[in-house]
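The values are calculated or read from the model by the stated rules, or taken from the named source; none is laboratory data. This structure is a prediction, so every number in the text was calculated from the model and none was measured. A quick note on method: Cβ atoms are made from the backbone with ideal geometry, for glycine too, and the neighbour counts reach across all protein chains shown.
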């Protein structure tokens, strides 16, 4: 969907996906809509060799470790045997993606926390922030993406009664900047907010 939206907006898009069947499904949908984003079958860890170049934005919603296992393909992040192994590979992907990002540009990752086998949160959001910071980017913005509740109101009653666990209907949208945020804002150009075109950067971020 990210590729289709980008293409509809007239933007060049390059996406990397491990599963060939997902790439094929994406292409079929794109053809039906009349756009042609570029998808590459491969491991995001190999981004520098799969899609060499310089990019203006990185956007991803990575697997939340083994919360949902997407495939048994070699290199599948969600199939890692331990969280430590997952984090090691995840940090390589973040670092390699950032190496392709132009200086004074933004990167966006949508993540949510996950529990370990004992029921405690792993602090995946903080691990993501640390991975970006260690790779040379700084956390600049954060937003909360509210997701549909679905059957959560039904399920949460039982889990709260038995374990006092609250249900979650949100994910964290983390925006990082590589380089100078003033220059990144300037390079983004004017934006339209509420029907009004706004330009320039504030001296101090809100």
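Structure notes:
- Residue in segment 30-48 that is in a helix (DSSP H, G or I), surrounded by fewer than 14 Cβ atoms within 10 Å (Cβ to Cβ) and out of contact with any helix residue (DSSP H, G or I) (no Cβ under 9 Å at 6 or more places or on another chain) present: yes
- So residue 80, is it surrounded by fewer than 18 Cβ atoms within 10 Å (Cβ to Cβ) and either closer than 17 Å to residue 124 by Cβ or in contact with a helix residue (DSSP H, G or I) (Cβ under 6 Å, 6 or more places away or on another chain) (or both): no
- Residue in segment 101-111 that is outside any strand (DSSP E or B) and at negative phi present: no
- When residue 16 is tested against the conditions (1) assigned to a strand (DSSP E or B); (2) surrounded by 14 or more Cβ atoms within 10 Å (Cβ to Cβ); (3) assigned by TED's automatic domain parsing to the domain that holds residue 138, the lone failure is (3).
- Taking segment 127-163 as the range and being under 13 Å from residue 90 (Cβ atoms) and either surrounded by 13 or more Cβ atoms within 10 Å (Cβ to Cβ) or in contact with a helix residue (DSSP H, G or I) (Cβ under 6 Å, 6 or more places away or on another chain) (or both) as the test, the residues that pass are 127, 128, 129, 130, 131, 132, 135.
- Taking (1) in the same structural domain as residue 172 (by TED's automatic domain parsing); (2) assigned to a helix (DSSP H, G or I); (3) buried (at least 16 other Cβ atoms within 10 Å of the Cβ) in turn, residue 88 satisfies each apart from (3).
- Filtered residue count, segment 167-206, keeping only those that are loosely packed, with under 10 Cβ neighbours inside 10 Å and modelled with pLDDT of 90 or more: 0
- Residues satisfying the stated conditions in segment 65-77, i.e. more than 20 Å from residue 135 (Cβ to Cβ) and either in contact with a helix residue (DSSP H, G or I) (Cβ under 9 Å, 6 or more places away or on another chain) or in contact (Cβ under 8 Å) with a residue 12 or more places away in the chain (or both): 66, 67, 68, 69, 70, 71, 72, 73, 76
- Residue count, segment 49-81 (criterion: outside any loop (DSSP other than H, G, I, E, B) and farther than 25 Å from residue 175 by Cβ): 2
- Test: residue in segment 117-125 that is buried (at least 17 other Cβ atoms within 10 Å of the Cβ), touching a residue at least 24 places away in the same chain (Cβ under 8 Å) and part of a helix (DSSP H, G or I): yes
- Count - residues of segment 142-197 that are touching a residue at least 12 places away in the same chain (Cβ under 8 Å) and in a strand (DSSP E or B): 14
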